[in-house]
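The values are calculated or read from the model by the stated rules, or taken from the named source; none is laboratory data. Everything numeric here is computed off the predicted structure, so don't read it as measured data. Cβ: placed from backbone, ideal geometry, glycine included. Neighbour counts: every protein chain shown. When the accessible area is computed, the model is the full protein with side chains, heavy atoms only, and any ligands, DNA or RNA have been set aside. Shrake-Rupley method; radii C 1.70, N 1.55, O 1.52, S 1.80 Å.
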Amino acid sequence: MSKKVSISINGFPVEISAGKTILEAAEEQGITIPTLCHHKDLCVAGNCRVCVVEVAGQNRLSAACATPCEEGMEILTNSLKVRNSRKQIIELLLAEHNADCTKCYRNGNCELQTLASEYKIMTQDFIELVPLKHVSIDSYSPSIIKDDSKCIRCQRCVRTCAGLQGVNALTVAHKGDKMKITTFFEKAMRDVVCTNCGQCVNHCPTGALVEKNYIEEVWEAIANPNKHVVVQTAPAVRVGLGEELGLKPGKSVTGKMVAALKRLGFDSVLDTDFTADLTIIEEGTELLTRLKKVLVDKDESVSLPMATSCSPGWIKYIEHMFPEHLKNLSTCKSPQQMFGALVKTYYANARNIKPEDIVSVSIMPCTAKKYEAFRPEMHDSGYRDVDYVLTTRELAILIKQAGLDFNKLEPAKYDRLMGESSGAAVIFGATGGVMEAALRTAYEIVTGREVPFENLNITPVRGSDGIREATIKIENPVEEWAFLDGVELKCAIAHGLINAKSVMESVRAGTADYHFIEFMACPGGCLGGGGQPIPTNPEIRQKRAEAIYAEDEGLPIRKSHENHEIKKLYKDFLKEPLGEVSHHLLHTKYTQRERY
Amino acid sequence: MATSNQLKRVDFIFRNENDWEKILSSTLKRKPQELINELISSELKGRGGAGFPTGLKWKLTAESKEKEKYVICNADEGEPGTFKDREILSRVPYKVLTAMAICGYITGAKRGFIYLRGEYKFLLPELNKVIDEFDYYCQETNLDFKISIFMGSGAYICGEETALMESMEGKRGEPRNKPPFPTQAGFMGKPTVINNVETLVHTFTIFKYGAKKFYDLGVQYSRGTKLFSVSGDTPKPGIYELELGMSLQDFVYEFGDGDTKAVQVGGASGFLVPRKKFKDAAIGFKGKLTGISLPTGGSMMLFNSSRSMFNVLDNYLEFFREESCGQCTPCRVGCQQLLLGIKAVKRGEKPASYLDKLLRLTETMQYTAKCGLGQSVANSFSSIVENFREEMIY
Ligand SMILES: Cc1cc2nc3c(=O)[nH]c(=O)nc-3n(C[C@H](O)[C@H](O)[C@H](O)COP(=O)(O)O)c2cc1C
Ligand code: SF4
Ligand code: SF4
Ligand code: SF4
Ligand code: SF4
Ligand code: FES
């Protein structure tokens, strides 16, 4: 039992666990106190001041988000003094704000707009400050647009980039009226250590940081009769999309999403999950090969631990921050890029379509995937492997623009040839999912038996702790892998780059004896990706994770190597994992980058 | 508030007393609790602006069970026109070091820092010499206390105690949320006593001469003496140590040029007092109604009839607009609005009634700004606008 304190909120006495803030206490009582700089993922800033409340006996108001409840406090959340102050603060924010809502990407889902609307700020008495400011829009990055004229300086992005991601690409510069959010030496986002993870976008309350959208480009491709437009959907999109379309978090909408994509006019609706399964085969084989080279051949040119490579935010991070460890990365491309490379080769061939006539679109929970598609390495098909990357949010915009009543759609099935997937692929969307999927397959390759966990659920790798570890002992392997008998395969999982950083620091220090590490740039894995619906917070991530694991359990095939289409792909085209064709299309190289 | 009848000049602070070793060793022989009681009974309040009782501050820090604690001397002295802390550090630095060591002894802190204003770099050679001497003494006497200097970066806001600590920790100088207060979680999250240079020197006086000597000076709620930096339209600008509780009338008789129109007590974040209120105003803490709270840097600026109060306010607001750290809405945007607002009224672009909207804005700033800077803009703004409204308009 935690200690309780007695307080009163708006005249009603309540008991609150000691240490809770006034904001948390009010929330428990069903009272919403408006906030802007507060976010459940982030440390407290207390700088916007819209959450001020009155505490009896104090002349000054207190920031509810930053003030712990103390015994006997009498709190008023809506007194006249509070209201007047709060209203004036909103007015001040608007005076500093380029409030052209109708032309704003966040119109309709903006915390400042909501607040202004709630408080009915109908006039502007204060002096307009925007024209006095040099308005700068940074749109050089393929992933993110930063518009300072929409910034309320809440520093949520700064705290996200530093606290969740450990990247520190964004900082506060200058003071007073010139204070602003910027990058190292005020360079463009494209030119700094930014990983394009989009967590800052997801945590920004306004339109100051948004994804670069490719909505018009995709509509144009769809409308072009000479183009065959293929779309792939990432695992995490199906458990997020519903939130943008009026459903509660935690609903998987795979079938409806496929139906919607077909109605939008895509020529073929396929699944990134297919190449997630493919990734498992390639990456699993790569891991076992590396283990053999290290343990049997004593090949010192091969590095362990092997790190996963399917999160492009993580890739750019390690390229900047731990370039000496690029050799630890699996050479596998991300599922998106494997898919892209296959669409314009294998698929084009099989469907008898000229690759130059294919437009390859992907729907991702991620903004880093936009950047990834731009990388010069990602042209192995001879064309740009993925032409346009849309986030979950952008897909919702397409659906709304097309006037589809999403909830009335009859669920549909993915098209064939690169549309089939296993449950192992679905869980790619959650932190620990790649690890679990890889173990389901690798263990079986090595021992000929299923992983020794009830119902294939490798629960030790699941959960939301930032860094998790698991060990699986290999017993009675088949002859080819006899050297692994008795080996304890040590695995680690890190999500959120701040956690990736601490794992990598121990790798660098030589204190980590892992064989295999899964890294995901975003908290919670892709289901908490920067391109997912806003808001994303711990409870919502939890709900999405539950939906993902439920989807896995509901699928007839739960292991990547049992995916029929994958088997067919190897038989008809790739021949063998890590073979020559794979090597050319599915694997890649990394680039050392500067820190500044 | 009771006032003393005439201005009493005192000489404690700069009195050259080369007996710090003796004072230190005899004080360290006394029990911490006894020393705290002595300090509390002196009723010394902080000279850095907020006027927090110094004895209580040390007591709270002493009571904390944490092992690591710190003592910080705030020598950021950023208020324009004040340089009393500089004078103290160049004339009687050993008093400051002695006081810090005593504070360390009482609270259990083993490390002390002097946060020195960037512009005072020229003090470094001398100061370092004194610190070296002090270090040597500590080693000789087995006193486990080490003082070092931390150079400030020139931002006014870094004088605010929590911004100062952020900046010492290598972060951007932005004030923190309070609570927790530095006595609970200060520098590096550890209990910290932070005091103004002058406050520390007063503790030296108290430990040397006893609390009574200090307490007997000044008036109720405002005991002891204070350094004032007198500037503006005065024939004798400079630094003066005066007893607290004096009336502004007496002050103006002494320092005015015969044509004093108003006095700004406490610099930009203080109050402007017009001539008609000199009689009612006393300099000290906790001024009720007519009393005036003691200024941050002890700045007293006199204005004669040739001065435009609009220009005075305009200057202050420029200062705040630039020196606000910019993190919180009411202060960052509020300061800009106040500055542009009075200009707009002056130019006739906004009606005179707009001043009332701005007055309400300063009220909001006072209630909601995160730190003392934004909270105190209302002081000069409302005291100038209310007393010299016509000068704002015409
Ligand atoms: C904007 C701002 C600037 C300040 N600057 C100084 C300063 O330069 N020197 C100082 O001693 N206190 C300054 N203070 C007050 C400190 O925050 C703090 O109250 C003081 O150092 C405590 O010491 P004291 O109790 O001895 O007064 C400032 C406060 C604010 C809000
Ligand atoms: S950020 Fe919000 S308030 Fe600002 S223009 Fe966009 S929608 Fe409107
Ligand atoms: S995209 Fe990610 S790395 Fe880049 S600035 Fe935003 S949070 Fe930081
Ligand atoms: S960019 Fe967004 S998150 Fe960052 S400070 Fe501005 S409004 Fe806040
Ligand atoms: S009141 Fe001003 S100086 Fe203080 S925290 Fe807010 S913006 Fe910064
Ligand atoms: S939400 Fe509390 S100050 Fe911003």
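Per the Debye formula on identical point scatterers at the alpha carbon atoms of chain A, with no solvent, log10 I(q)/I(0) at q = 0.06, 0.10, 0.11 Å⁻¹ is -0.33, -0.88, -1.04.
For the range A:237-289, taking Cα atoms only, Rg and Dmax work out to 15.2, 47 Å respectively.
Modelled spin labels at A:H379 and A:E546, positioned 7 Å past Cα toward Cβ, are 4.8 nm from each other.
Shielding by partners for peptide B:167-178, expressed as the average number of C-beta atoms from other protein chains within 10 Å of each residue's C-beta, is 3. Across the range B:20-215 the C-alpha pair distances fall into 10 Å bins from zero in the proportions 9, 40, 39, 12, 0 percent. For the range A:1-148, relative contact order (Cα pairs under 8 Å, six or more residues apart, normalised by length) works out to 20 percent. Between B:A344 and B:V10, full extension at 0.36 nm per residue minus the direct alpha carbon distance yields a gain of 115.6 nm. In terms of packing, defined here as the mean over residues of other Cβ atoms within 10 angstrom, the peptides B:320-327, A:472-479 line up highest first as B:320-327, A:472-479. Taken along the Cα-to-beta-carbon direction at a fixed 7 Å, the label points for A:N455 and B:L359 span 7.0 nm.
At full extension, B:E140 and B:D19 could sit 41.9 nm farther apart than now, given 0.36 nm per residue minus the alpha carbon distance. Could you work out which residue, out of B:K45, B:K59, B:K121, moves most in a Gaussian network model of chain B, that is, has the largest mean-square fluctuation with Cα springs under 10 Å? It is B:K121.
Residues whose amide H comes within less than 5 Å of that of B:I194, counting only those at least five positions distant or on another chain, are B:I72 (H built at 1.01 Å from N in the peptide plane).
With kT/(6 pi eta Rh) evaluated at 20 °C and eta = 1.002 mPa s, and Rh the Kirkwood radius from Cα pairs, chain B diffuses with a coefficient of 99 µm²/s according to Stokes-Einstein. Residues of the range A:137-165 with an amide N closer than 18 Å to a point placed 7 Å from the Cα of A:N107 along the Cα-to-Cβ direction: A:147, A:149-151.
Relative to the longest principal axis of the Cα atoms of chain B, the long axis of helix B:197-209 makes an angle of roughly 50 degrees. Take each residue of peptide A:48-55, count the partner chain Cβ atoms within 10 Å of its Cβ, and average: the result is 3. Between B:G189, B:G173, B:G298, the Gaussian network model of chain B with springs among Cα atoms under 10 angstrom shows the greatest mean-square fluctuation at B:G189. If the segment from A:E71 to A:I121 were pulled out straight at 0.36 nm per residue, it would be longer than the present Cα-Cα gap by 14.4 nm. Temperature 25 °C, viscosity 0.890 mPa s: under these conditions the Stokes-Einstein estimate for the range A:122-211, based on its Kirkwood radius over C-alpha pairs, is 181 µm² per second. The sum of -39500 (n - 2.57) across all DSSP H runs of n ≥ 4, divided by the residue count of chain B, sets its helix-only mean residue ellipticity at 222 nm to -13500 deg cm²/dmol. Dividing the mean sequence gap of close Cα pairs (under 8 Å, 6+ apart) by how many residues chain A holds gives a relative contact order of 16 percent. Annotation: for a label point projected 7 angstrom from Cα along Cα→Cβ of B:A352, residues of the range B:368-394 with backbone N closer than 17 Å are B:384-394. Placing pseudo-labels 7 Å out from each Cα toward the beta carbon at A:R190 and A:D297 gives an inter-label distance of 4.1 nm. Quick check: the angle from helix A:538-554's long axis to the longest principal axis of chain A, C-alpha only, nearest 10 degrees? It works out to around 30 degrees.
Distances between placed amide hydrogens fall under 5 Å for B:I147 paired with B:G112, all partners being 5 or more residues away or on another chain. Phi angles across the range B:71-84 convert, under the Karplus curve 6.51 cos²θ - 1.76 cosθ + 1.60 with θ = phi - 60°, into 3J(HN,Hα) values of 10, 10, 9, 8, 10, 7, 4, x, 4, x, x, 10, 8, 6 Hz, Gly and Pro given as x.
On a per residue basis, the convex hull of the C-alpha atoms belonging to the range A:1-132 measures out at 132 Å³. Quick check: net charge around B:E133, other residues with Cβ under 13 Å of its Cβ, Lys/Arg +1 and Asp/Glu -1? Residues near B:E133 contribute -4 overall.
Ordered by 1.4 Å accessible area with all protein chains kept, A:S582, A:S464 run largest first as A:S464, A:S582. In terms of Cα atoms, the Rg and Dmax of the range A:326-447 work out to 16.6, 52 Å.
Report the chymotrypsin sites (Phe, Trp or Tyr not before Pro) located in the range B:10-82 that are in a DSSP loop and have at most 10 other Cβ atoms inside 10 Å of their Cβ, or state none. Here no chymotrypsin sites (Phe, Trp or Tyr not before Pro) fit, given the DSSP loop and packing criteria. Here the sum of -39500 (n - 2.57) over DSSP H runs of 4 or more residues, divided by the residues of chain A, equals -9000 deg cm²/dmol at 222 nm, to the nearest 500. Mean partner shielding of peptide A:398-408, defined as the number of other chain Cβ atoms within 10 Å of each residue Cβ, is 0. Dipole size of the protein assembly as shown about its Cα centre, with +1 on Lys/Arg Cβ and -1 on Asp/Glu Cβ: approximately 2400 debye, rounded to the nearest 20.
For chain B, DSSP calls about 50 percent of its internal beta bridges antiparallel.
Over the range B:211-269, what number does the Rg to Rh ratio reach, with both radii from the alpha-carbon atoms and Rh per Kirkwood? Rg/Rh: 1.01. Could you work out how far helix A:80-95 tilts from the main Cα principal axis of chain A, as a 0 to 90 degree angle to the nearest 10? That works out to roughly 60 degrees. One way to sum up the overall shape of the range B:149-230 is the equivalent ellipsoid from its Cα gyration tensor, whose semi-axes run 29, 15, 12 Å, largest first.
Each residue of the range A:476-492 is assigned a 3J(HN,Hα), and the resulting list reads 6, x, 6, 4, 4, 10, 3, 5, 8, 4, x, 6, 8, 7, 9, 10, 9 Hz, derived from the Karplus form 6.51 cos²θ - 1.76 cosθ + 1.60 (θ = phi - 60°), x at Gly and Pro. Taking θ as phi - 60° and the Karplus parameters 6.51, -1.76 and 1.60, the scalar couplings of the range A:155-165 work out to 6, 4, 5, 5, 5, 5, 5, 7, x, 8, 10 Hz in sequence order, x denoting glycine and proline. Averaging Cα coordinates gives a centre for the range A:108-129 and one for the range A:295-362; these two points are 46 Å apart. Counting only DSSP beta bridges with both residues in the protein assembly as shown, the antiparallel share comes to about 50 percent.
Peptides B:332-344, A:195-207, A:111-123 ranked from most to least packed, by the mean per-residue count of other Cβ atoms within 10 Å: A:195-207, B:332-344, A:111-123. For A:K20, the residues whose modelled amide H falls within less than 5 Å of its own, excluding neighbours fewer than 5 places apart on the same chain, are A:C69.
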